[in-house]
There are 2 protein chains.
Amino acid sequence: MNEKDSKEQILRRSVEAKEIYLPHISADPVIFGFHQNELKVLLARMNYRKQWMLPGGYVKKDEDLDDAVLRILESRAGVTNVFLEEFGVFGKKNRSEYYFEDFDDSLFQKQRFISVGYYALYNSSELSPVADEMSETCEWIYLKQLPEINLAMDHREIIEKALQTLREKISHKPIGYNLLPEKFTLPELQKLYEAILGKPLNRGNFYRKIKNLGILKKLQEQRRGGAHKAPDLYSFDDHQYRKALENGLRNW
Amino acid sequence: MNEKDSKEQILRRSVEAKEIYLPHISADPVIFGFHQNELKVLLARMNYRKQWMLPGGYVKKDEDLDDAVLRILESRAGVTNVFLEEFGVFGKKNRSEYYFEDFDDSLFQKQRFISVGYYALYNSSELSPVADEMSETCEWIYLKQLPEINLAMDHREIIEKALQTLREKISHKPIGYNLLPEKFTLPELQKLYEAILGKPLNRGNFYRKIKNLGILKKLQEQRRGGAHKAPDLYSFDDHQYRKALENGLRNW
């Protein structure tokens with residue numbers, strides 16, 4: 001879409017948005033995907049200015065905030081059935097106002113927005129993003145590609161805060177249930193932890209610590225077909241995993 | 001203040017608020033105090049309807065959200081120098097709208113508000129709350145007294161979510177630095193954990209686990225003057241405590 005058309009689209013959207021949405025509040029979902037041992041994040045490249053953004057949006061006047069973020073994610077990215085957690089509120093003045101500086105101040109999108117950030121971690125091969133009409137594309141971008149792309153507003157900061165939350169979370173909550181196949185090897189689980197933490201882990205320490213959590217079941221089968229000695233397969237112990245989700249990994 | 005006066009006060013505040021504040025956004029600080037082995041929470045009893053509320057407020061049009069919550073806490077409760085953390089956003093429709101049902105819909109305070117919750121845990125003997133002109137009183141209320149008092153809107157739910165966040169936090173972050181005297185005994189530290197978790201802990205298990213965290217320094221002195229054997233004194237190891245705050249108590 002050319003610049004003129006994308007501007008007209010934004011003006012049309014402003015008229016409609018004033019009718020439907022609360023002013024000053026937005027929600028931004030940060031969906032992390034894990035695939036091929038790498039973390040990705042779901043982003044949309046907007047028609048206007050061709051910058052990348054989280055697939056966020058506004059809250060309807062008669063809609064609960066939690067419902068809004070699910071609707072936004074579905075309408076902006078075509079993604080459903082995701083369990084999202086709030087992780088931060090981004091409320092600096094001027095965090096979003098300059099993006100629409102070429103427009104009149106009466107534009108709905110140009111007002112000050114305080115945005116609520118939600119995150120989730122999913123197997124990216126199971127979620128297929130679909131762009132909405134405001135975006136040229138909606139796709140998975142590898143975290144290691146983020147330095148090279150043009151991210152709008154403070155969305156880089158929002159993604160970093162989400163990642164930091166995820167890193168803190170794996171110190172006290174189990175992770176991996178909706179990310180790994182039902183049966184997995186310890187090297188595969190280690191790759192997931194390394195992708196989230198962004199650093200290599202010592203194999204012996206990792207195996208010892210992860211086994212101590214008591215959330216794994218060792219299966220009576222091995223992964224066949226590799227060039228090396230067949231590695232043992234594991235699955236999560238449903239009951240212990242749920243208990244650890246509820247109570248945390250460390251009990252007082 | 002009688003009902004008529006308190007209503008007039010709310011009407012005057014509405015006129016002023018429309019000038020100064022963003023619509024639809026509020027912030028609610030949940031300040032937990034620890035004193036005499038008990039947890040308390042800082043609440044204000046409003047002139048209007050005499051219900052208890054968190055000392056919350058609105059965000060100025062030209063003010064960062066983080067600055068707003070500090071200003072609100074100072075102006076509503078006279079409390080300064082508190083480090084607050086965001087823990088949840090309360091965005092159900094009709095969560096706050098009915099409180100002012102006796103007023104016209106044009107009242108600023110009656111619109112829909114999405115509230116950002118912040119919490120902190122402090123030694124209540126070091127913070128002296130002062131009520132603002134909208135409140136009859138601002139004071140520490142013991143958690144065990146909460147079932148008996150009349151809390152407005154969804155403020156009971158907000159307090160419960162803050163407490164739940166605090167409970168989760170002590171499984172992965174050190175706690176106690178700004179709550180205990182510089183030198184403390186293990187029984188005193190255990191009382192703090194028990195107050196937060198709301199349950200008694202096994203002494204042997206607690207001592208073993210807390211020592212394993214590596215954040216305590218055993219001092220070469222004992223608490224004198226009690227009827228029992230003088231208990232050992234401890235202090236936090238500054239360096240280890242800060243490291244654990246940054247990285248969490250469990251490292252991968």
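The values are calculated or read from the model by the stated rules, or taken from the named source; none is laboratory data. Nothing here was measured: the structure is a model prediction, and the numbers come from that model. Backbone-built Cβ (ideal geometry, glycine too); neighbour counts: all protein chains shown.
Scanning region A:20-66 for residues that are under 30 Å from residue B:26 (Cα atoms), among the acidic types (Asp, Glu) and within 17 Å of the chain's Cα centre (by Cα) yields a total of 2. Among residues that are within 14 Å of chain B (Cβ to nearest Cβ), out of contact with any helix residue (DSSP H, G or I) (no Cβ under 8 Å at 6 or more places or on another chain) and at pLDDT 95 or above, residue A:157 is included. Taking the stated definitions as given, is residue A:148 more than 14 Å from every other protein chain (Cβ to nearest Cβ) and out of contact with any strand residue (DSSP E or B) (no Cβ under 6 Å at 6 or more places or on another chain)? So residue A:148 fits the description; yes. Close Cβ contacts (under 8 Å, 6 or more residues apart or on different chains) running from residues in region B:210-233 that are outside the structural domain of residue B:192 (by the TED database) to residues that are in a strand (DSSP E or B) and surrounded by 13 or more Cβ atoms within 10 Å (Cβ to Cβ) are absent. Residue-level check: of (1) in contact (Cβ under 8 Å) with a residue 40 or more places away in the chain; (2) crowded, with 22+ Cβ neighbours inside 10 Å, residue B:87 misses just (2). Checking the structure you have, find out if any residue of region A:91-110 is closer than 30 Å to residue B:60 by Cα and within 18 Å of the chain's Cα centre (by Cα). No: region A:91-110 contains no residue that is closer than 30 Å to residue B:60 by Cα and within 18 Å of the chain's Cα centre (by Cα).
Residue selection: residue B:191 satisfies the criterion of being out of contact with any Phe, Trp or Tyr (no Cβ under 6 Å at 6 or more places or on another chain), within 14 Å of chain A (Cβ to nearest Cβ) and touching a residue at least 40 places away in the same chain (Cβ under 8 Å). Within region A:160-188, the residues that satisfy the criterion of being within 14 Å of another protein chain (Cβ to nearest Cβ), within 18 Å of the chain's Cα centre (by Cα) and over 30 Å from residue A:109 (Cα atoms) are A:167, A:168, A:169, A:170, A:173, A:174, A:175, A:176. Restricted to strands (runs of 3 or more DSSP E) entirely inside region B:54-136, no element has at least 3 residues that are small (Gly, Ala, Ser) and at the interface with chain A (Cβ under 10 Å from one of its Cβ atoms). Consider region A:18-41 and keep the residues that are surrounded by fewer than 17 Cβ atoms within 10 Å (Cβ to Cβ) and touching a Phe, Trp or Tyr at 6+ places or on another chain (Cβ under 7 Å). The one that is nearest to residue A:58 (Cα to Cα) is A:18. Answer yes or no as to whether residue A:175 is in a loop (DSSP other than H, G, I, E, B) and either in contact with a Leu (Cβ under 7 Å, 6 or more places away or on another chain) or modelled with pLDDT under 95 (or both). So residue A:175 passes the test. Taking the listed residues B:134, B:153, the one that is of a type in the set (A, V, I, L, M) and either farther than 22 Å from residue B:67 by Cβ or outside the structural domain of residue B:67 (by the TED database) (or both) is B:153, with no other qualifying.
Could you identify the single residue in B:93, B:144, B:110, B:161 that is basic (Lys, Arg) and over 23 Å from residue B:45 (Cα atoms)? Step by step, each of B:93, B:144, B:110, B:161 is checked, and only B:93 is basic (Lys, Arg) and over 23 Å from residue B:45 (Cα atoms).
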